[in-house]
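Let me begin by presenting the structure, written as structure tokens, before commenting on it.
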Amino acid sequence: MSDRGPGRTAVLTIPDAPPLPEGAPVAREQGERRLGVRIGVVLLVLIAFVCVAAPLVAPKDPYRENVAGLGPDGGPQGPSLEWPLGTDGKGRDVLSRLIYGGRVTFGACALAIALATLIGLAIGLLAASSESAAGNVLMRMTDIGLAIPGLLLAAALTSVLGSGVPSLIVALVAVFWAPLARVTYGQAVVVKERPFVEAARSLGAGRIRILVVEITPHVLPILLAYAALSVGWAALFESSLGFLGLGVQEPTSSIGSMLGSGLPYYRLHPGLIVFPALYLGMFVTATTLIGEGLRTPHRRVAAGKTTAAEMKVIGR
Amino acid sequence: MSRYIVRRLLLAVVTLWALATLGFLLVEAIPGDPARQLAGPTASVQTVQAIRHAYGFDRPAWDRYVSTLVRFTHFDLGYAFSRSEPVRSVIARDVGHTLTLTVLAFLGELLIGIPLAVFVTSRKGRLADGSLVAAAGATSAVPTFLVGLLLLYAFSFRLRWFPLGGTTEGWRSYVLPVLTVAVPYGLVLGRILRTSMLDELERPYVQFALARGERMGRIRWRDVLPNSLVPLFSVLALDFAGLFATVAVVEVVFSIPGVGEDLFGAIRRLDTSLIIGIALVAGLVVVTVNLLADLAVIAIDPRVRRATLG
């Protein structure tokens with residue numbers, strides 16, 4: 001199978017297409033998408049930098065409770081030069097907590113979605129390639145997974161498993177594997193009927209080889225687009241769980257736990273809710289722009305059920 | 001037709017069974033002695049023994065599993081110790097508020113999303129079009145309960161137009177919670193429907209209707225909209241499921257005594273049977289709505305009927 005060598009791709013390279021007429025709708029939409037992806041990537045790189053370099057960037061210790069950080073009424077303080085985004089109910093620096101909290105939330109969500117994507121890819125591929133009842137059972141399992149309201153499943157799981165990052169990750173994986181398996185399946189079923197798969201089979205490629213070498217590369221672009229979208233949705237889940245008092249808990253700071261602990265003060269100090277929300281919004285916007293941009297129409301072979309799977313995840 | 005319905009019903013039953021099994025496993029996974037928890041820390045060893053026997057905690061796991069499933073089929077969801085009453089009566093009393101809110105929010109979603117999509121498709125590529133896409137993106141980038149907090153802060157706390165929470169002030173108590181859920185979901189629906197309608201507008205029958213002298217507005221509402229809406233039924237059904245979960249969280253913001261508030265309280269008190277009971281009821285709602293939506297599509301759209309039923 002030398003058709004994957006670098007020499008062949010050069011032959012297949014298509015010369016630059018003639019420019020489309022100015023303002024052609026397709027070109028404009030594609031341009032918008034590309035711009036969106038660019039903005040998303042810039043935002044994400046910024047956030048990733050802040051997360052990785054948290055100890056260098058954060059002006060204060062996020063866990064240190066300062067008496068000087070409390071207002072005259074013993075409550076939080078508004079933003080000032082000393083405390084750029086104010087302090088929380090225990091006199092801790094909100095900016096530093098946010099920087100460290102983003103690390104926990106976004107890191108946990110990225111890890112959880114990476115796991116969910118691997119599981120979804122494996123299940124979707126196996127279900128699509130198997131002609132026997134096993135494939136059917138796998139897909140019915142996925143349908144069941146899709147039918148369970150995600151937030152409630154995550155709430156039940158985290159309340160039983162206890163607070164902390166590991167139980168949050170387990171809950172997120174339990175919610176997100178099913179839609180990702182659905183997306184994989186939808187693509188793989190269509191791709192496996194293509195002539196090149198037939199060709200590979202007639203050349204003697206085994207089932208696993210066909211799945212990994214032939215089908216997976218055609219599933220990955222759309223799957224990764226949905227994975228990017230899912231990371232943002234997972235972050236929204238984390239914030240809802242934290243608001244309900246689940247998942248990552250005080251004193252560990254995460255976007256969700258900050259929102260939860262800021263709730264009692266929000267009337268007098270809206271910043272305790274608004275700043276974490278803005279940071280979260282930035283992250284979700286970035287993942288959405290990237291995910292939507294990658295999900296260009298020519299890359300999606302099958303529509304229909306995929307949209308339903310996608311909506312399922314939005315039910316935050 | 002009947003074969004498809006039977007298969008679909010079977011899937012619904014299997015889904016509920018999987019949910020119930022998950023619930024059982026979750027309860028099993030909780031560390032600690034459930035009999036001691038029920039009896040309280042001051043009870044004697046004999047009392048704990050008696051409770052353990054009475055509740056069957058001393059029986060083998062598979063035995064308890066079967067009897068749990070049997071209990072669930074009778075809607076006996078266990079005892080909510082944090083409320084000192086059976087889970088069933090807590091849910092029976094409060095699920096009404098949640099369902100009312102969910103249905104109102106769903107209607108609101110349709111009332112916002114559908115006209116918006118129809119309006120925007122007549123202005124493709126112009127300001128209104130871009131604004132819808134941007135607004136839908138912005139509202140789905142923050143969790144819904146934050147939208148609720150924002151509305152609560154502005155309209156109740158600052159402007160004092162609506163009550164700060166509860167259900168005591170009639171329809172005025174429902175305005176903000178319903179808007180909180182309906183606006184973000186409506187914008188997202190509008191956006192999805194817009195894409196669906198733009199595809200549909202390319203179809204030849206639209207050209208034909210125009211050539212025949214129909215007005216574009218009429219074609220849009222009468223022909224294009226229904227054709228684009230029916231394929232979205234399964235999306236709408238999943239949306240309803242999402243709404244139910246979202247409403248549960250929004251209830252906490254607005255102190256509405258629905259199952260969401262119960263869930264919040266149950267989480268605080270670690271009352272697992274109540275948590276799992278609520279999750280099971282939510283699952284029942286979701287499975288039912290999905291089933292109804294699939295059957296509705298078959299009833300409405302002859303193309304789907306032929307494709308599914310052969």
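Readers should treat all values here as calculations from the given coordinates under stated rules, not as data from a laboratory. Small disclaimer: the values here were computed from a predicted structure and weren't measured. Quick reminder, even Gly has a Cβ in these numbers, built from the backbone with ideal geometry, and neighbours come from all protein chains shown.
The table for this structure:
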read-out: Within-13-Å neighbourhood charge of B:PHE24 [Cβ basis; K, R +1; D, E -1]; value: 0
read-out: Separation between Cα centres of region B:150-196 and region A:163-210, rounded to whole Å; value: 39
read-out: Inverse mean reciprocal Cα-Cα distance (Kirkwood Rh) of chain B, Å; value: 22.5
read-out: Rough spin-label spacing in nm, given labels placed 7 Å along Cα→Cβ, for B:LEU292 and B:VAL45; value: 5.5
read-out: Helix-only [θ]222 nm of chain B, DSSP H runs n ≥ 4, -39500 (n - 2.57) each, per residue, nearest 500; value: -24500 deg cm²/dmol
read-out: Alpha-carbon centroid distance for the pair region B:123-147 / region A:102-136, whole angstrom; value: 29
read-out: Shape of region B:122-194, Cα gyration tensor, a/c cut at 1.5; value: prolate
read-out: Values of log10 I(q)/I(0), in the order q = 0.15, 0.17 Å⁻¹, for region B:94-270 under a Debye, Cα-only, solvent-free model; value: -0.86, -1.01
read-out: Prolate/oblate/rounded label for region B:251-310 (Cα gyration tensor, a/c 1.5); value: prolate
read-out: GluC sites (Glu not before Pro) lying in DSSP loop within region A:32-131, provided at most 10 other Cβ fall within 10 Å; value: A:GLU131
read-out: Scaled radius of gyration (Cα, divided by 2.2 N^0.38 Å) that the protein assembly as shown gives; value: 1.02
read-out: Whole-number Å³ per residue for the convex hull built on Cα positions in region A:188-276; value: 123
read-out: 13 Å beta-carbon shell around B:ARG215, net charge (K/R +1, D/E -1); value: +2
read-out: For chain B, with +1 on Lys and Arg beta carbons and -1 on Asp and Glu, the positive-most of B:GLY213, B:LEU110, B:VAL87 along the dipole; value: B:GLY213
read-out: Exposed-site-free run, longest, chain B (rule: GluC sites (Glu not before Pro); DSSP loop; at most 15 other C-beta within 10 Å); value: B:1-168
read-out: Cα gyration tensor, region B:191-278 - rounded (a/c under 1.5), prolate or oblate; value: prolate
read-out: Cut-off 13 Å between beta-carbons: net charge of the residues surrounding B:LEU101, Lys and Arg +1, Asp and Glu -1; value: -4
read-out: Region B:116-164: chymotrypsin sites (Phe, Trp or Tyr not before Pro) falling in loop per DSSP and having at most 15 other Cβ within 10 Å; value: B:TRP161
read-out: Scattering profile of region B:85-167 at q = 0.23, 0.26 Å⁻¹ [log10 I(q)/I(0), Debye over alpha-carbon scatterers]; value: -1.16, -1.19
